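K.L.:
The following block contains the structure, expressed as structure tokens.
Read the figures in this text as sums done on the coordinates, not as results from a lab. Predicted model only: the values in this text are computed from it and were never measured. Don't worry about glycine lacking a Cβ; one is built from the backbone with ideal geometry, like all the others, and counts go over all protein chains shown.
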């Protein structure tokens, strides 16, 4: 698989991450094996050392690899999850949620996680606008969203963000025209059980949504859903 240098494509480090992630998930790089060296990856993909290191840093952050002194970069065990990545038109995605009651929990400025910083191409030490929302059904939380907004957008913590985030972005001059999403199904953690006020273990969906305005990265959202309280319909075009 080769990297694309065409205009509008994801950054090279992000493309490289996707390839390496796929190789790990598909078992091409097996648990406990040592990944190819930075030099070998540089030669295989014809990229710089910094590109390789950025991709490896994200793999490390995703807990797919670990670095061990004297041994190199080791592939970690993939947890019992199912992951699907896809691209689609923004207008081809519809969220269906009866009795939809979405509430703003907080609006503040926070340092963005490293994968979001890579997406926006900013320093991970830079604070950006963070919007935390939750969706309720019958007064029971079923979904939580943590949205980070690119600092080029003029929205602030003092703005009324209780309505549609995408409408607010449109009004600010940055309508979302395309999204890339990654969805993972997993067993609920103790922290998630507390968040959703559930005593028994169940399934949840984790979703990362990356929203663009004409190829400019604008929104990076981490979402967690109780599996039996959420339905996502995708119309790929």
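K.L.:
Between residue 114 and residue 227, with labels modelled 7 Å along Cα→Cβ, what's the label distance in nm to one decimal, could you check?
P.N.:
Reported label-point gap for residue 114 and residue 227 is 3.0 nm.
K.L.:
Using a ≥ b ≥ c from the Cα gyration tensor of the stretch 131-237 (square roots of the eigenvalues), is it rounded, prolate or oblate, where a/c under 1.5 gives rounded and otherwise the larger of a/b and b/c decides, a/b for prolate?
P.N.:
Prolate, because a/c is 1.5 or more and a/b exceeds b/c.
K.L.:
Between residue 6 and residue 42, what length in nm is gained on full extension when 0.36 nm per residue of separation is reduced by their alpha carbon distance?
P.N.:
Between residue 6 and residue 42, full extension yields 11.0 nm more.
K.L.:
Continuing with this model, one more query. Which order do 224, 189 fall in if you start with the one that has the fewest other Cβ atoms within 10 Å?
P.N.:
Exposure proxy ranking, most exposed first: 189, 224.
K.L.:
In addition: Does the stretch 101-146 classify as rounded, prolate or oblate by the C-alpha gyration tensor (a ≥ b ≥ c root eigenvalues; a/c under 1.5 gives rounded; else a/b over b/c gives prolate, otherwise oblate)?
P.N.:
Prolate, because a/c is 1.5 or more and a/b exceeds b/c.
K.L.:
Cut-off is 10 Å between beta-carbons; in what order do 196, 119 appear when sorted fewest neighbours first?
P.N.:
The most exposed by this proxy come first: 196, 119.
K.L.:
Using the beta-carbon distance between residue 140 and residue 182 and R0 = 30 Å, what value does 1/(1 + (r/R0)^6) give for FRET efficiency, to the nearest 0.05?
P.N.:
So, using R0 = 30 Å, E works out to roughly 0.70.
K.L.:
Run the simple label-point estimate for residue 23 and residue 200 please: 7 Å along Cα→C-beta, distance reported in nm.
P.N.:
4.3
K.L.:
Could I ask something else about it? Hey, rough spin-label estimate for residue 63 and residue 214, points 7 angstrom out along Cα→Cβ, what's it come to in nanometres?
P.N.:
Roughly 4.1 nm, to one decimal.
K.L.:
Further question on the same structure: Any chance you could list P(r) for the stretch 12-75, counting all Cα-Cα pairs in 10 angstrom bins from zero, rounded to whole %?
P.N.:
23, 61, 15
K.L.:
The stretch 129-205 to the stretch 20-41: how many Å between their Cα centroids?
P.N.:
When both Cα centres are located, 32 Å separates them.
K.L.:
Test of understanding: ordering 5, 220, 109 by Cβ neighbours within 10 Å, fewest first, what list do you get?
P.N.:
5, 109, 220
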